[in-house]
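The values are calculated or read from the model by the stated rules, or taken from the named source; none is laboratory data. It should be emphasised that the depicted structure is a prediction, and the values quoted were computed from it without experimental measurement. FYI the Cβ positions are ideal-geometry reconstructions off the backbone, even for glycines, and counts take in every protein chain you see. In case anyone asks, the SASA skips ligands and DNA or RNA and just uses the protein heavy atoms, side chains included. Shrake-Rupley method; radii C 1.70, N 1.55, O 1.52, S 1.80 Å.
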Amino acid sequence: MKDLRFQGLRNKLVNQLKTKGINDKKVLDAISKVPRHLFFDEVFQNQFAYEDVAFPIGQDQTISQPYTVAFQSEMLNVKKGHKVLEIGTGSGYQTAVLCFLGAKVYSIERQKPLFEKASIFLSENGYRANLFFGDGFKGKKVFAPYDSIIVTCGAPFVPNDLKMQLKIGGRMVIPVGDGDVQQMKLIVRSKGDVFKETTYGEFKFVPMLKNKNN
Ligand code: SAH
């Protein structure tokens, strides 16, 4: 019964996302299938899991708003088997969406408690992603190059290490800005060190953390 109700709420959310301009069928399918409520503490599941809002997940962090997850996922243009690097695992919801889209996901989280929680949760729920505790500014060179890179925290600038870990033709979606609000940027590596940058609208993310040592 509960599952049916949650499915109904997901369908409603998908319709909202369509009216907000998301039209990639595979992305909408992922939103309609991945059980976002499981990424919430049980007490909040009913009321908040399928609202189109960001929500606290502890450690002063948030699970991204569904619209943002869908928007970034659509921009990545994920194909089955693509290698995708995610910066900011957080709750693991975006990671799960990328897995659902058929990506081979590498995801880095700067905060140990979130890294540990997401590692256990994702594997218990059958999402096979490669999770790392570390600093997203540096990316993960050993597994580079990536078909795409998604940054899910507000970056003060576009880290050069991340650009250099993109395949030729690879795409990075990154919210850039120091304050409360960031500009969503799409960066495509067209040749060796030639990058094409396009700026989209404003989004709100928690900041990308620098110099964190624990
Ligand atoms: N994709 C997540 C969004 C979480 S919010 C989700 O769907 O839930 C952003 C996350 O980025 C937070 O968990 C935060 O701890 C993490 N983060 C911040 N700075 C980081 C850095 N330098 N490297 C890796 N992760 C970072």
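When each of Pro159, Pro113 is tested for being within 11 Å of the ligand (Cβ to nearest atom) and open to solvent by 40 Å² or more (accessible area, probe 1.4 Å), the lone residue that passes is Pro113.
Could you please find all residues in the stretch 141-156 being buried (at least 22 other Cβ atoms within 10 Å of the Cβ) and not small (Gly, Ala, Ser)?
The answer is Tyr146, Ile149, Ile150, Val151, Thr152.
For the stretch 39-50, state whether one or more residues are under 26 Å from Lys163 (Cα atoms) and out of contact with any strand residue (DSSP E or B) (no Cβ under 8 Å at 6 or more places or on another chain).
Filtering the stretch 39-50 down to residues under 26 Å from Lys163 (Cα atoms) leaves none.
No: zero hits.
Suppose we filter the stretch 119-130 for residues that are in a helix (DSSP H, G or I), under 12 Å from Cys99 (Cβ atoms) and within 14 Å of the ligand (Cβ to nearest atom); how many remain? Spell out how you get there, then give the answer.
Of the stretch 119-130, the ones in a helix (DSSP H, G or I) are 119-124.
Imposing the further condition that a residue be under 12 Å from Cys99 (Cβ atoms) reduces the set to 122-123.
So of that shortlist, the ones also within 14 Å of the ligand (Cβ to nearest atom) come out as 122.
Count: 1.
Inside the stretch 163-208, counting only strands (runs of 3 or more DSSP E) that do not spill past its ends, which hold 2 or more residues that are within 22 Å of Glu109 (Cβ to Cβ) and either touching a Cys at 6+ places or on another chain (Cβ under 9 Å) or open to solvent by 40 Å² or more (accessible area, probe 1.4 Å) (or both)? Reasoning before the result, please.
Numbers: elements: 166-176, 182-191, 194-203.
Correct list: 166-176.
Residue under question is Phe137, and the condition is that it be within 27 Å of Gly177 (Cβ to Cβ) and within 14 Å of the ligand (Cβ to nearest atom); does it hold? Here the answer is yes, as Phe137 does meet what is asked.
For Leu17, are the conditions met, namely being aliphatic (A, V, I, L, M), in contact with a strand residue (DSSP E or B) (Cβ under 7 Å, 6 or more places away or on another chain) and open to solvent by less than 10 Å² (accessible area, probe 1.4 Å)? Considered against the rule, which asks whether it is aliphatic (A, V, I, L, M), in contact with a strand residue (DSSP E or B) (Cβ under 7 Å, 6 or more places away or on another chain) and open to solvent by less than 10 Å² (accessible area, probe 1.4 Å), Leu17 comes out as no.
Of all residues in the stretch 23-40, how many are within 16 Å of the ligand (Cβ to nearest atom) and open to solvent by less than 90 Å² (accessible area, probe 1.4 Å)?
Of the residues in the stretch 23-40, 10 are within 16 Å of the ligand (Cβ to nearest atom) and open to solvent by less than 90 Å² (accessible area, probe 1.4 Å).
A residue that is more than 24 Å from Phe195 (Cα to Cα), in a loop (DSSP other than H, G, I, E, B) and touching a residue at least 24 places away in the same chain (Cβ under 8 Å) can be found somewhere in the stretch 133-152. Screening the stretch 24-63 for residues that are over 18 Å from the mean Cα position of the chain (by Cα) and of a type outside the set (Asp, Glu) and picking the one that is farthest from Ser123 (Cα to Cα) gives Gln47. Does Lys12 satisfy being surrounded by fewer than 22 Cβ atoms within 10 Å (Cβ to Cβ), among the basic types (Lys, Arg) and in a loop (DSSP other than H, G, I, E, B)? No. Would you confirm whether or not the stretch 71-83 contains a residue that is touching a strand residue (DSSP E or B) at 6+ places or on another chain (Cβ under 7 Å), open to solvent by 10 Å² or more (accessible area, probe 1.4 Å), of a type in the set (Val, Ile, Thr) and away from the ligand (no atom under 12 Å from the Cβ)? Yes: the stretch 71-83 contains one or more residues that are touching a strand residue (DSSP E or B) at 6+ places or on another chain (Cβ under 7 Å), open to solvent by 10 Å² or more (accessible area, probe 1.4 Å), of a type in the set (Val, Ile, Thr) and away from the ligand (no atom under 12 Å from the Cβ).
Scanning the stretch 90-100 for residues that are near the ligand (Cβ under 7 Å from one of its atoms) and either over 9 Å from the mean Cα position of the chain (by Cα) or in contact (Cβ under 8 Å) with a residue 60 or more places away in the chain (or both) yields Gly90, Ser91.
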